[in-house]
Amino acid sequence: MQAYGILPNNAIYPLKIERAERTLAYCREELELPDVYIKWFLPEDEKPDGVEFTSLFESGDISGLYDPGKPDQILIRADLQIDETCQTVAHETFHAFQHLTGNYKNVPAHELHDFFENGAVGYAENILDRVDFKNTSQFVNHLMGKDYSSGKRWEKKDGGSRCIDPDKAKQALRNVGRQLIDACRAAARAAEDPGASMAEVMRLERERQGWQVRFDAVLSVYEASCKG
């Protein structure tokens, strides 16, 4: 067994987070899943300098993990290449689908492992060709926790085209904007502080970049809602 640690999101390269979240957004909508979120992990002995694990767990040699006991999260190894990260997100999200829908209950016990793995491998195949990484509306819906399993939506269909609620889009923009402002201030303070370590400066800059990605996505949706 290998010991692993859960990393804070600000320790992950922002582009990797964005691609992973966009992949998860696609999978959740296609599989009609409730909110699912990503946690990132690394082997305990590969902890980056200046970063603290938020918790520890043990498992075999893994790239990702889905625990039915925590059905609203998937674990993704943080040192995968971006393409492999997206494939792993799709793989683990399909495991969430399998468990949440209970479509394994009639499978004999000795066939369960193959059933789970063959299904997840098949679903993740060609995921990079299927995901539209420029689908801003889908991305923002996911970040806001849209529940595809119950029909509770903050958007509605009108004549076959999606109409976004301007008030809710504005509130989302304000919320993310405040987070971005705080992240910008923290990154600027660290950059100007001669006592700040390079690891801390880089961590805060990654966090700022991550909030910038979210703000740009929400801004695009808000602008679309105003035009509608």
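The values are calculated or read from the model by the stated rules, or taken from the named source; none is laboratory data. Bear in mind the structure is a predicted one, so any value in this text is a computation, not a measurement. As a convention, Cβ positions derive from the backbone with ideal geometry for all residues, glycine included, and neighbour counts pool all protein chains shown.
Quick one: residue 151 ticks every box in (1) at pLDDT below 85; (2) more than 25 Å from residue 74 (Cα to Cα); (3) in a loop (DSSP other than H, G, I, E, B) bar one, so which box is it?
Only one criterion in (1) at pLDDT below 85; (2) more than 25 Å from residue 74 (Cα to Cα); (3) in a loop (DSSP other than H, G, I, E, B) is unmet by residue 151, namely (2).
Residue-wise test of (1) surrounded by 12 or more Cβ atoms within 10 Å (Cβ to Cβ); (2) closer than 30 Å to residue 217 by Cα; (3) at pLDDT 95 or above.
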site: 63; (1), (2), (3): yes, yes, yes
site: 71; (1), (2), (3): yes, yes, no
site: 76; (1), (2), (3): yes, yes, yes
site: 80; (1), (2), (3): yes, yes, yes
site: 83; (1), (2), (3): no, yes, yes
site: 89; (1), (2), (3): yes, yes, yes
site: 101; (1), (2), (3): yes, no, no
site: 104; (1), (2), (3): yes, no, no
site: 135; (1), (2), (3): yes, yes, no
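Please tell me if residue 72 is charged (D, E, K, R), within 30 Å of residue 198 (Cβ to Cβ) and within 16 Å of the chain's Cα centre (by Cα). Please lay out each step first, then the result.
Values: charged (D, E, K, R): yes; within 30 Å of residue 198 (Cβ to Cβ): no; within 16 Å of the chain's Cα centre (by Cα): yes.
Answer is no for this residue.
So, of the residues in the stretch 171-181 that are surrounded by fewer than 18 Cβ atoms within 10 Å (Cβ to Cβ) and in contact (Cβ under 8 Å) with a residue 12 or more places away in the chain, which turns out to be farthest from residue 50 (Cα to Cα)?
My answer is 177.
Taking residue 157, is it at pLDDT 75 or above and of a type outside the set (Ser, Thr, Tyr)?
Numbers: at pLDDT 75 or above: no; of a type outside the set (Ser, Thr, Tyr): yes.
In short, no.
Being within 24 Å of the chain's Cα centre (by Cα) and not in a helix (DSSP H, G or I) is the filter; apply it to the stretch 164-208 and report the residue that is modelled with the highest pLDDT.
165
Hey, can you tell me all the residues within the stretch 93-123 that are of a type in the set (Ser, Thr, Tyr), part of a helix (DSSP H, G or I) and without any contact (Cβ under 8 Å) to a residue 24 or more places away in the chain? So that I can check it myself, show each step before the final result.
First, pick out the residues of the stretch 93-123 that are of a type in the set (Ser, Thr, Tyr): 93, 101, 104, 123.
Narrowing further to those that are part of a helix (DSSP H, G or I): 93, 101, 123.
Residue satisfying the conditions is 101 alone.
I'd like the residue in the stretch 30-52 that is modelled with pLDDT of 90 or more and touching a Lys or Arg at 6+ places or on another chain (Cβ under 8 Å) and, out of all such residues, is surrounded by the fewest Cβ atoms within 10 Å (Cβ to Cβ).
42
Tally the residues that are within 18 Å of the chain's Cα centre (by Cα) and either exposed (fewer than 13 other Cβ atoms within 10 Å of the Cβ) or touching a residue at least 40 places away in the same chain (Cβ under 8 Å) (or both), restricting the search to the stretch 124-133.
Summing the residues that are within 18 Å of the chain's Cα centre (by Cα) and either exposed (fewer than 13 other Cβ atoms within 10 Å of the Cβ) or touching a residue at least 40 places away in the same chain (Cβ under 8 Å) (or both) in the stretch 124-133 gives 6.
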